[in-house]
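Below: the structure, in structure tokens.
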Amino acid sequence: MSSVISEIRKDYLYNLLLRGERADGRSFTQYRPIEIERNIIKKAEGSALVRLGKTQVMVGIKIQPGEPFPDAPNRGVIVTNAELVPLASPIFEPGPPNEYGIELARVVDRGVRESGAVDLDALCIVPGEKVWVIFIDIHILDDCGNIMDASSLGAIAALLGATVPASRFGLGDDFQLPVRDIPIATTAVEFGDVVLFDPDIDEEAIADAKLTVITKADGTICGMQKSGPGMLSEEQVYRIVDIACENAREIREKFLE
């Protein structure tokens, strides 16, 4: 029965697309309403709750001293984890992170790391021995589609409001986490040769391919992630990148700068 319902839903959405429409009335490039609440977890060094339509993601930041990586002895460390809470979706299961949870954490981590969003050189305490370690913990509270963009947005929003708790560890005065860029992830899906941005849960379920583009404040690309069995043409990729840069600029200016 579920496969029949799925086909009926797919036909319904496809017929809408042929008329240039989406089920919720948005244009193909339009995002759902975005809301961001910062610093709502009092015990965390930084936090953000992001609502993207009905999708809800909580991100918390913890910062503490630790050892640097051997190949970067004078730089701070970033560790990113994602928890897909079973109550957030019928397809999420308890236990260790599954493949999608690992992908989600890695893409968010890549966006922060490759953009140079955090000045890791400024987080060295004792060269080669002790640095500040930043833990980015992502909790999916309600998956109604596009948790990738919501998680990325929550991570940078939480980092922007984070404070390094130096006094707690007897290492001087507390100071604002040195954030120097604002990477934004923008996701599109391909369905029947049509490209849709910010897919909801139904659009994700029937999409042939998905592409996430992460851009820095100056518009340069610092990360990309493609998933799904479908193929994207060169023209589609270029179009997605162009629109992603514009959507990211608008989100950055309206919510984070």
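The values are calculated or read from the model by the stated rules, or taken from the named source; none is laboratory data. What you are looking at is a predicted structure, and each value in this text was computed from that prediction instead of being measured. As a convention, Cβ positions derive from the backbone with ideal geometry for all residues, glycine included, and neighbour counts pool all protein chains shown. Areas reflect the complete protein model, heavy atoms only, side chains present, ligands, DNA and RNA absent. Shrake-Rupley method; radii C 1.70, N 1.55, O 1.52, S 1.80 Å.
Okay, here's what the table says:
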| item | result |
| --- | --- |
| Residue satisfying all of: in region 159-173; of a type in the set (A, V, I, L, M, F, W, C), in a helix (DSSP H, G or I) and more than 16 Å from VAL107 (Cβ to Cβ); least open to solvent (accessible area, probe 1.4 Å) among these | ALA166 |
| Considering residues of region 37-94 that are basic (Lys, Arg) and not in a loop (DSSP other than H, G, I, E, B) only, the residue most open to solvent (accessible area, probe 1.4 Å) | ARG38 |
| Subset of region 27-70 [within 30 Å of ILE125 (Cβ to Cβ) and of a type in the set (Phe, Trp, Tyr)] | PHE69 |
| Some residue of region 109-127 being part of a strand (DSSP E or B), at pLDDT 95 or above, open to solvent by 10 Å² or more (accessible area, probe 1.4 Å) and in contact with a strand residue (DSSP E or B) (Cβ under 7 Å, 6 or more places away or on another chain) | yes |
| Filter pass, ILE8 being in a helix (DSSP H, G or I) and open to solvent by 60 Å² or more (accessible area, probe 1.4 Å) | yes |
